[in-house]
1. Residue by residue through region 72-121, note down the ones that are modelled with pLDDT of 90 or more, over 18 Å from the mean Cα position of the chain (by Cα) and of a type in the set (A, V, I, L, M, F, W, C).
2. Mind counting the residues in region 77-108 that are free of Cβ contacts under 8 Å to residues at least 40 places away in the same chain, of a type in the set (Val, Ile, Thr) and closer than 24 Å to residue 41 by Cβ?
3. For the structure I just gave you, tell me whether residue 157 is at pLDDT below 90 and in contact with a Ser or Thr (Cβ under 9 Å, 6 or more places away or on another chain).
4. Does any residue of region 121-130 turn out to be surrounded by 17 or more Cβ atoms within 10 Å (Cβ to Cβ), assigned to a strand (DSSP E or B) and touching a strand residue (DSSP E or B) at 6+ places or on another chain (Cβ under 8 Å)?
5. Considering only residues that are charged (D, E, K, R) and more than 17 Å from the chain's Cα centre (by Cα), look in region 41-71 and name the one that is farthest from residue 113 (Cα to Cα).
6. Is there any pair with a first residue in region 145-159 that is more than 14 Å from residue 55 (Cβ to Cβ) and a second that is of a type in the set (S, T, N, Q) whose Cβ atoms are under 6 Å apart and which are 6 or more apart or on different chains, and what are they?
7. Do the conditions hold for residue 143, that is, is it of a type in the set (Asp, Glu) and either at pLDDT 95 or above or under 18 Å from residue 88 (Cα atoms) (or both)?
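The values are calculated or read from the model by the stated rules, or taken from the named source; none is laboratory data. Computed from a prediction, not measured in an experiment: that's the story for all the values here. Virtual Cβ from ideal backbone geometry, glycine too; neighbours counted across all protein chains shown.
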Amino acid sequence: MPERLRHWLLLLLFIPVLGWTAEIDVANVQLSPGDDGYVLSADFRFELNPRLEEAVSKGVVLYFVLDYEMSKARWYWLDEKLVSRSLTYSLSYHALTRQYRLSTGMGGLHQSFPTLTEALAVLARLRNWVVIEKGDKTVRTGELYLAALRLRLDITQLPRPFQISALGNKDWSLASDWKTWQAALPALPSPTASAEVK
């Protein structure tokens, strides 16, 4: 086989792999103090491809998982992971009511929407997720930490037949890269200060 032809064949083989970039963009990440601890807000930009839209409309529940981590750098060893949180959303369609339902792991809350677009708009806006509870002694105010956030479609929670077909199938691949940033934790508001504001 000529060298030039071999080069082009190898390139064609790797194009799909190189094309598997993140399908979800993470933006406007904010970690701020709240009444119950440190809360996280962020925006996600993404769309469901036709395969996923069809699956939802036919009754398949899609599970999206938010992962948050916070670690501290150590010069003598691997970084020390201090905080690890996950939040699961389930997106489903109910043919009887013709409504899309979005449920979260936060107290089993759910909302119904007439369109898929409206349901995805809410999924794309994370607001006030408590990732570090008040009184958590693993982190301290004023210190610098490495924070990381991602959103992904969790194919392991799909029905078994879909899990098998989803393996290695780009149509079922929907995730963001880890969004990382350096975070210094400000002091939490004191109970007296919160009462005065009210």
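1. Result: 82, 95, 96, 113, 116.
2. Qualifying residue count, region 77-108: 1.
3. yes
4. Scanning region 121-130, I find at least one residue that is surrounded by 17 or more Cβ atoms within 10 Å (Cβ to Cβ), assigned to a strand (DSSP E or B) and touching a strand residue (DSSP E or B) at 6+ places or on another chain (Cβ under 8 Å), so the answer is yes.
5. 51
6. 146/71; 148/180; 150/176; 151/176
7. Criteria not met by residue 143.
Yes/no matrix, rows are residues, columns are (1) free of Cβ contacts under 8 Å to residues at least 60 places away in the same chain; (2) surrounded by 18 or more Cβ atoms within 10 Å (Cβ to Cβ); (3) hydroxyl-bearing (Ser, Thr, Tyr); (4) in a strand (DSSP E or B):
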| site | (1), (2), (3), (4) |
| --- | --- |
| 40 | no, yes, no, yes |
| 47 | no, no, no, no |
| 53 | no, no, no, no |
| 60 | no, no, no, no |
| 63 | no, no, yes, yes |
| 68 | no, yes, yes, yes |
| 75 | yes, no, no, no |
